[in-house]
Structures are given as C-alpha cells and as structure tokens.
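What follows is a single structure, written as structure tokens, with notes after it.
Each value in this text was obtained by applying a stated rule to the coordinates, not by laboratory testing. None of the values given here were measured: they were computed from a predicted structure. Backbone-built Cβ (ideal geometry, glycine too); neighbour counts: all protein chains shown.
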Amino acid sequence: MVTVAPPDTWSYALRLPHDPRAARVARMTVRAALNGHGMSEVLDVTELLTSELVTNAYRHTKGPASLRLTAPGDGRLRVGVWDSSPQIPAPFDEPPGDRVAPPAPTDAEGGRGLLLVREYASSWGGWPLGDELLGPGAGKLLWFEVGGSGR
C-alpha cells in the first residue's frame, strides 16, 4: 500500500459577494483550510486579519471580493483579498517598516483593522490592479503573510 503525503504547498480561492456575511464566510473558509492542512498555529491571527481585510472590502466597495489562501511552503501562509476599489489604504501603500501610522483613537468607529495587520503579519502589501488588458480601475489586492520564520 502506498501512502500519499499531502503537499506542503497549496492554494485555495473563494469569490465573495458584496454581503455583510462575507467576513464570516471567509473566517469559516480559513478555519477549514488551516485545520485541514495542520496549520492551527497561525489560525487565530489569520482569521482575525482576513476578517479585517474582507470587512474593509465590503465597507468600502460596492462590488464582490475574492479571497486567496496560499501556502508557499516552510510553514508560511499568504492571504490575499481583492476588491474593486483601486485605492490602497495605509499601511499597505508603503513598504513594511517605512510608515509608522498613528494608533486610531480609542473612541474611533474604525481604522484599527489595518493596523492589526501591520502588527501581527510578518509582511504585507498592496497592489493596484489595472492595465491595458484589465482596464483602469480593476481594483486592488491587499495581502499579508504569517508563519514561517516571521511571526
């Protein structure tokens, strides 16, 4: 009998409608994928940060979003969230470590989520999408990475 070991590299993608329940669906997907691949050590932080990015996509756009989970190996996990807005918010608009954003006031309605990504992810970034093929305003991709030799 041959035993097949699952690969340490994998990827999942999920299209999310513009719906207030999208963040919950994204968290459930993250939980299922990470538990299934034995990556429970990064589960809590990945759920939190994914929820923040998907919630922002819902709150600041009128269209759908997409979630992509990628394990490139070495215990790392990369999470990307695409949405239809081309605007890259801070701290994603500058390389990690180059910007020190002030903390959100404690009574602020929002503004803390992306700072959480900056605090708990080992790396993060954002890219506006659009060119001659996609056309202008094709949205953006925000991503973060956890696990591995980082955090």
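In order along the range 62-71, phi translates into HN-Hα couplings of 10, x, x, 9, 9, 10, 10, 10, 9, 9 Hz, rounded to whole numbers, per the Karplus curve 6.51 cos²θ - 1.76 cosθ + 1.60 with θ = phi - 60° and x for Gly and Pro.
A simple spin-label model places pseudo-atoms 7 Å from Cα toward Cβ; at residue 115 and residue 31 they are separated by 2.8 nm.
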